[in-house]
Ligand code: ZN
Ligand code: ZN
């Protein structure tokens, strides 16, 4: 097992971040797996990192802060926080996020306060985020946390649940074999091939249909590009921002979406679950939300800011995908989004625009890349989902039939 975890750590450093000689690395991790975090740091040094900084977090502490701090203090960006962002914008360290927190761990915390605080902080944070966008190598991956593992395997003991979850994470991340780095090279090559086939179609819209009530048309930009797997930073370094990643995705044209979409999996948002929900779009905006559970939170989410009610991502994943076939709900977007076709509300991806490097941020917004402080994926894949692409001349191409690729 230890040997396999070393291979996983190497995968994150070499294929996830693709650390270059002399680069700085920042790792953000919870306290759950300090031994693995140390392995990851070692793998980064071996890949050539000049220094590795670990920022620890602990969900019960985040909970405590959220409960005890006033909205006023939570809304403030302190000068040292800002200095940290300034430093990052200048040095562009690689960033590795190792997830392990409990998907339900923030339940009962005043969500409105959290949202108001992030909205208040956003104007200060945004310029730094934008200055860094596409200039930094980053990667999100996961390790088991105690509560998270128990949520997935409630009938097992804590130790057994953790072990079972390691297996699930390594399998889902294509890190359970002899040579995970090689497996990712092959995986990236096959995703790139499918992206090329899609991009050669020059689609202008995607139409989704399912017996559950989904009937949605989403417009694409002329410049929209389908991407998948690894991507290239503007500095020219190829990295894999998500491990695992099975999706092919694009940025739709904000303001062009009509119809209803029904979610097919619960959504964990701010440490709380939203279940059995649907959204109705008119003129690209959500005009109606319904949910059996968490409707108020969903309503708050889509009204976070002006762009939160518009789409920022359309992702295609076969219903029979490796992660989908595990038949395991992770209650975490990193995994669950790779088991199902999904959409995201909020911010769109600049790098899903052809030659995005030649546009300014304002020009990208004008083309139709949505702007918002949120980016929330929700799952819409089902066994009968059909997705039809519309080409410039109006002809249609079936991309998905009965939940799987038809292209
Ligand atoms: Zn996605
Ligand atoms: Zn997304």
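If you look at the Cα atoms of region 16-81, you get an Rg and a Dmax of 15.7, 43 Å.
A protection proxy built from the mean count of other Cβ atoms within 10 Å ranks the segments 229-237, 78-86, 53-61, 245-253, most packed first, as 245-253, 229-237, 53-61, 78-86. Please report, to two decimal places, log10 I(q)/I(0) for region 6-119 at q = 0.21, 0.22 Å⁻¹ as given by the Debye formula with identical point scatterers on the Cα atoms and no solvent. Scattering profile of region 6-119, log10 relative to I(0): -1.12, -1.16.
Each of 179, 351 was scored by other Cβ atoms within 10 Å of its Cβ. Arranged with the fewest first, they read 179, 351.
With the biggest extent put first, the Cα atoms of region 62-192 measure 49, 39, 22 Å across the principal axes.
Summarising the strand pairing of the chain, around 75 percent of its internal DSSP beta bridges are antiparallel.
Residues 126, 265 in ascending order of nearby Cβ atoms (within 10 Å, fewest first): 126, 265.
Note on region 110-162: the C-alpha convex hull projects to 6.0 nm² when averaged across all orientations.
Ratio of Rg to Rh for region 209-267: 1.07 [Cα atoms; Kirkwood radius as inverse mean 1/r over pairs]. Computed with the Debye formula from one identical point scatterer per Cα of region 322-401, without solvent, the log10 of I(q)/I(0) at q = 0.18, 0.21 Å⁻¹ comes to -0.99, -1.08. By the Kirkwood approach, averaging reciprocal distances over each pair of separate Cα atoms, region 139-245 gets a hydrodynamic radius of 17.1 Å. Shown for 309, 207: other C-beta atoms within 10 Å of each C-beta, ranked fewest to most, produce the order 207, 309. Here, the chain is characterised by an Rg to Rh ratio of 0.94, where Rg is the alpha-carbon radius of gyration and Rh the Kirkwood radius. Principal axis analysis of the Cα atoms in region 272-407 yields extents of 42, 39, 26 Å, listed in decreasing size. Adding -39500 (n - 2.57) for every DSSP H run of four residues or longer, then dividing by how many residues the chain holds, sets the calculated 222 nm ellipticity at -10000 deg cm²/dmol.
Every number in this text was worked out from the coordinates using simple rules, so none of it is lab data. What you see is a predicted model; the values in this text were computed from it and never measured. Backbone-built Cβ (ideal geometry, glycine too); neighbour counts: all protein chains shown.
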